[in-house]
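Structure first, commentary second.
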Amino acid sequence: MSTASSEQQQPPHRGLWSLGGTVELVAAFTAVCLALYGAVLYLNYLYVRWSGRDGVRRTGSGPEAGPAARKRDGGGGLDEAALAAMPVFRFKAEPRGAGGGEECAVCLGAMQDGDAVRALPGCSHAFHAGCVDVWLGAHATCPVCRARPALPVPAAKDGGDRRTGA
């Protein structure tokens, strides 16, 4: 009976008890690794949002909110002052035998005599003024050749002519 009493004094599952400590250690290590991985992902998310590389345009009162910031990377359209600086003229169709009719590449409609037409400076492609104004409000390039319009230099606001000194 002495052997039976010695077997009862030992823990019945000593192997599982030592394995339980290993499982707890592995579980704790996994939890720490997952927490660190989550922290790295969150910091990456904050960096992308803060740096503006997520593709979302934000408006605000800072210097990055102006039209120059949107144009720096080629996105966004022209502002109303740039559109107003481009001349608008009335379309006059050529005689029938001289060539084909002109077509607005934005709306695909034919230009009629008397239509308000805007020719983009630089590439000289012509469109209905209303059509190309909507396009240029969203894109800063010509709808046909994707060239940036050569915008005229704004006049001096003081009213004096700088060349003559008057």
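No lab work stands behind these numbers, since they all come straight from the coordinates. Bear in mind the structure is a predicted one, so any value in this text is a computation, not a measurement. Note that each Cβ is placed from the backbone with ideal geometry, even for glycine, and that neighbours are counted across all protein chains shown.
Tabulated data
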item	result
Net charge dipole size for region 80-138 [Lys, Arg +1 and Asp, Glu -1 on Cβ; Debye, nearest 20]	120 debye
Contour minus Cα-Cα distance for Leu41 and Cys123 (0.36 nm per residue)	24.9 nm
Cβ-Cβ FRET estimate between Val23 and Trp50, R0 fixed at 35 Å, reported to 0.05	0.30
Protection proxy ranking of 79-85, 28-34 - average other beta-carbon atoms within 10 Å, highest first	79-85, 28-34
Hull-based mean projected area of region 80-138, where the convex hull spans the alpha carbons, in square nanometres	4.2 nm²
Rounded to whole Hz, the Karplus (6.51, -1.76, 1.60) HN-Hα couplings of region 77-88, x for glycine and proline	x, 7, 7, 5, 5, 5, 5, 5, 6, 8, x, 10
